[in-house]
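First the structure, in the form of C-alpha cells, and then the observations on it.
The values are calculated or read from the model by the stated rules, or taken from the named source; none is laboratory data. Please read all numbers here as calculations on a predicted model, not as lab measurements. Here the Cβ positions follow ideal geometry from the backbone for every residue, glycine too, while neighbour counts run over all protein chains shown. Side chains are part of the model used for accessible areas, which takes the heavy atoms of the whole protein and leaves out ligands, DNA and RNA. Shrake-Rupley method; radii C 1.70, N 1.55, O 1.52, S 1.80 Å.
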Amino acid sequence: MADPVIEAALPAEEALAAIRALLGPRGVVEDALDQAPYLEEPRKLFPGRAALVTRPADRDQLAGVLRLCHAARLPVIPLGGRTGLVGGTTSQEGPPPVLISLERLNRILAVDAQAMTMTVEAGCILENIHRAAEAEGLLFPINLGARGSCMIGGNIATNAGGIQVLRYGNTRDLVLGLEVVLPDGEVWDGLRALRKDNTGYDMKQLFIGAEGTLGIVTAAVLRLFPKPEEVQTAFLGLPDAKAAIGLYALAQRLSGGTLSAFELIQRFGVEISCRHGGGVDPLAAPAPWYVLLEMSGAADGALRATLETLLEQAMEQGLVLDGTIAESGAQAAGLWHLREALVDTQQYEGASIKHDIAVPISRVPEFLEKAGAAALAVMPTARLLAFGHVGDGNIHFNLAQPAAGMTAEAFLAGSKAVYRAVHDVVASLGGSISAEHGIGQLKRAELAHYAPPAELRLMRAVKQAVDPRGIMNPGKILA
Ligand SMILES: Cc1cc2nc3c(=O)[nH]c(=O)nc-3n(C[C@H](O)[C@H](O)[C@H](O)COP(=O)(O)OP(=O)(O)OC[C@H]3O[C@@H](n4cnc5c(N)ncnc54)[C@H](O)[C@@H]3O)c2cc1C
C-alpha cells in the first residue's frame with residue numbers, strides 16, 4: 001500500500017515539526033552555537049545554513065526523516081565527519097537544507113575474523129574501525145590524515161583513497177555490501193558479505209562515490225586483511241620528480257608486492273611541515289623532491305634487507321641523493337608526520353588553490369612540468385606545492401598565495417583561471433580532475449566542462465531515476 005505521507009504534499013513547517021517529534025530533543029541541534037560546526041567545512045570556502053540540524057539515533061529514525069523531507073520536498077544533506085575538501089556538506093542554493101548527521105550511528109556491528117569482514121554503521125570514525133580490526137590481528141587499509149574525524153559513511157560516499165591504495169585499492173574495492181536509505185525513505189538492504197555476486201547491476205557501486213546525491217549510506221560490510229607483522233619506512237631525497245617514477249618501478253620490482261605506500265613531497269612541503277607542523281627534516285641536505293615509502297609484510301627480516309638493497313641500487317642509478325630508514329615506530333611516525341601535517345598546515349602560508357588530479361604514473365613528471373608552467377603563466381608570483389600518492393598517479397597540485405604583495409581575495413579571484421589551465425594539462429594527458437576528494441560544489445563546473453557528454457547524460461539519468469524530486473544533496477556533482 002502506498003505510504004500516505006509520501007503521497008501527500010507536506011508543508012515544510014509541518015515536516016520540520018514532525019521530524020522534531022520523531023527524533024526528540026537529543027536528535028536535533030537547535031542552539032545556534034552548537035549548530036555552528038555543522039555549518040562549516042574545513043576550507044571555509046563554502047559556508048552552510050540549515051532548516052534543521054538532525055542527529056538520528058538509528059537507521060529507522062533516519063529513514064523517517066528522509067520520508068518526511070521527501071514528502072515536503074525539503075533538500076537533505078548527509079553529514080559524516082565533515083572533513084571533505086570540496087564543499088560537499090554545505091549549501092547556499094535553494095531552500096535551506098535539513099542536515100542529517102550520522103554521528104549516532106556509530107556501532108561496530110560484527111567482526112568476522114575468519115572471513116575477514118567487518119560490519120559497521122556509517123557513523124563509525126575510521127580510526128575506531130582500524131582499532132577494532134587490529135584487535136583481531138587484522139587491517140582495514142583505508143588510511144588518511146583525517147582518520148580521527150572522518151566516518152566510514154563519508155569515506156564510502158567519497159570513495160576515499162589515502163596512503164595504501166597502491167596495495168589494497170580504493171574504498172570502492174573494499175566494500176562488500178551496503179545498506180542505504182533511499183531518497184523516499186525506503187531502505188535498500190544490500191548488506192551482504194559476499195566476495196562473488198553476479199546478480200545483475202552492482203547497486204552498491206552506484207552509491208560509492210555518489211557524495212550523498214543518491215541516498216544515505218547507513219551501514220557497510222568491509223573487507224579486512226591480515227595485519228602486516230612488520231613495517232619498514234624510508235624517507236628519500238631525490239634529484240627531480242622524474243627520479244620518483246624510476247624509483248617506483250625499482251621498488252615494485254624488488255619488493256615482491258610488499259610496497260604499501262609511495263608518497264611524493266616537494267621541498268616546499270617539507271619546509272611547511274617543519275615551519276608550522278612541528279616536523280623535523282631528517283636529511284642533512286635539502287633535496288628538491290622527496291619520497292616517503294613503506295613496505296609491509298612478514299617479520300622475517302627480509303623487508304629491511306630489501307629496503308637496504310633498494311636504497312643501494314637507487315643511489316647507484318642516481319635516483320636517490322640521500323635517505324634514511326626509520327629505526328623505530330616513533331621515527332616512522334615522525335616521517336609520516338612530515339607528509340600528513342602538510343594538508344592542514346598549508347593554511348599558515350596563506351590561501352591555496354588546490355587540485356587533486358590523477359594522470360598515468362609514467363606521465364607525472366610531464367604533468368608537473370606542464371602544469372607548473374601553465375599555472376605560473378596565470379599567477380606568476382604564486383608558490384607551487386605538489387605532493388601526493390604518486391604510486392597511484394595522484395598529485396595534490398597546489399598553489400600557495402604569494403609570500404608578499406597579494407591579498408588572499410585577489411589570489412583566490414584567480415582560482416577559476418588556474419583550475420582551467422591546470423585541468424587542461426590533465427585532460428591532455430588522459431587524466432582525472434578529481435582523483436580522490438570528489439566533485440562537491442568546488443569542481444562541478446570543471447566536471448561539466450571535461451566529462452564526456454555521454455557520461456554526463458548517464459549521470460543525470462541515474463540521478464533522475466533514483467532521486468526524481470532532486471532532494472539529495474542538491475548542487476553537488478551535477479549543477
Ligand atoms: C587532513 C585531511 C587529509 C585527507 N586526506 C585524504 C586522503 O588521503 N584521501 C582522500 O580520499 N581524502 C582525503 N581527505 C578528504 C576527506 O577526509 C575524505 O573525503 C573523507 O572520506 C570524508 O569523510 P567524512 O566522514 O569527513 O565525510 P564528509 O566530509 O562529512 O562528507 C563528504 C561527502 O559525503 C557525503 N556523505 C557523508 N556521509 C554520508 C553517508 N553516510 N551517506 C551518503 N553520503 C554521505 C556528504 O554529504 C559529502 O558530500 C582528507 C581530508 C583532510 C582534512
Links that overshoot a 25 Å alpha carbon limit, given the list LYS370/LYS463; LYS416/LYS476; LYS44/LYS370; LYS227/LYS354; LYS44/LYS463
LYS370/LYS463; LYS44/LYS370; LYS227/LYS354; LYS44/LYS463
Restricting attention to region 191-224, which trypsin sites (Lys or Arg not before Pro) occupy a DSSP loop and are surrounded by at most 11 other Cβ atoms within 10 Å?
ARG195, LYS196
Ordered by residue, what ³J(HN,Hα) values in Hz, to whole numbers, does region 300-305 give under the Karplus form 6.51 cos²θ - 1.76 cosθ + 1.60, where θ = phi - 60° and Gly and Pro are x?
10, x, 5, 4, 4, 4
Modelling each spin label as a point 7 Å along the Cα-to-Cβ direction, I'd like the GLU308/GLU93 distance in nm, to one decimal.
5.9
For ALA57 and HIS276, calculate 0.36 nm times their separation in residues minus their Cα-Cα distance, and state this gained length in nm to one decimal.
74.9 nm
Taking H as built 1.01 Å from N, whose amide H comes closer than 5 Å to the amide H of THR117, not counting residues under 5 places away?
ASP112, LEU224
Scalar couplings 3J(HN,Hα) for region 48-55 by Karplus 6.51 cos²θ - 1.76 cosθ + 1.60 (θ = phi - 60°), nearest whole Hz, x for Gly and Pro, are x, 7, 8, 6, 6, 9, 10, 9
Considering Cα pairs under 8 angstrom that are at least six residues apart, work out the relative contact order of region 4-103 and quote it in whole percent.
36
Contact order normalised by residue count of region 277-347, Cα under 8 Å, 6+ apart, percent
51
Over the chain, what is the relative contact order in percent, taking alpha-carbon pairs closer than 8 angstrom and at least six residues apart?
15
Once both axes come from the Cα atoms, what is the angle between helix 453-466 and the longest principal axis of the chain, in degrees from 0 to 90, rounded to 10?
40
Under-5 Å amide H pairs with ALA219, H placed in peptide plane, nonlocal only
ALA122, GLU179
Using alpha carbons only, how many degrees (0 to 90, rounded to 10) separate the axis of helix 415-428 from the longest principal axis of the chain?
70
Enumerate the residues in region 90-106 having an amide nitrogen under 18 Å from the point lying 7 Å beyond the Cα of VAL187 toward its Cβ.
101-106
Need the full-extension length gain, LEU206 to ASP31, defined as separation in residues times 0.36 nm minus the C-alpha distance. One decimal, nm.
59.4 nm
Given backbone amide H placed at 1.01 Å from N, residues whose amide H is under 5 Å from that of GLY323, ignoring those fewer than 5 places away on the same chain, are GLY237
J(HN,Hα) series, region 373-390, from Karplus relation 6.51 cos²θ - 1.76 cosθ + 1.60, nearest Hz, glycine and proline x:
5, 5, 5, 6, 5, 7, 9, x, 9, 5, 10, 7, 9, 10, 7, x, 7, 5
Counting Lys and Arg as +1 and Asp and Glu as -1, each charge on the Cβ, what is the dipole of the chain about the Cα centre in debye, to the nearest 20?
880
For the chain, build the charge dipole from Cβ charges (+1 Lys, Arg; -1 Asp, Glu) around the Cα centre, then report which of VAL120, ALA32, ALA326 sits farthest towards its positive end.
ALA32
Which Cα, out of SER91, ALA21, THR54, lies furthest along the positive dipole direction of region 1-97 (beta carbon charges, K/R +1, D/E -1)?
SER91
Which length gain, in nm to one decimal place, applies between ALA9 and PHE225 when the Cα-Cα distance is subtracted from 0.36 nm times their residue separation?
72.9 nm
Measure nothing fancy, just the Cα-based angle from helix 241-255's long axis to the longest principal axis of the chain, in degrees from 0 to 90, nearest 10.
90
For GLU308, GLU14, GLU263, what's the largest-to-smallest order of accessible area, 1.4 Å probe?
GLU14, GLU308, GLU263
Between ARG73 and TYR348, take the C-beta separation as r, use R0 = 51 Å, and let me know the FRET efficiency to the nearest 0.05.
0.75
Got a number for the accessible area of ARG43? Probe 1.4 Å, square angstrom, nearest 10.
40
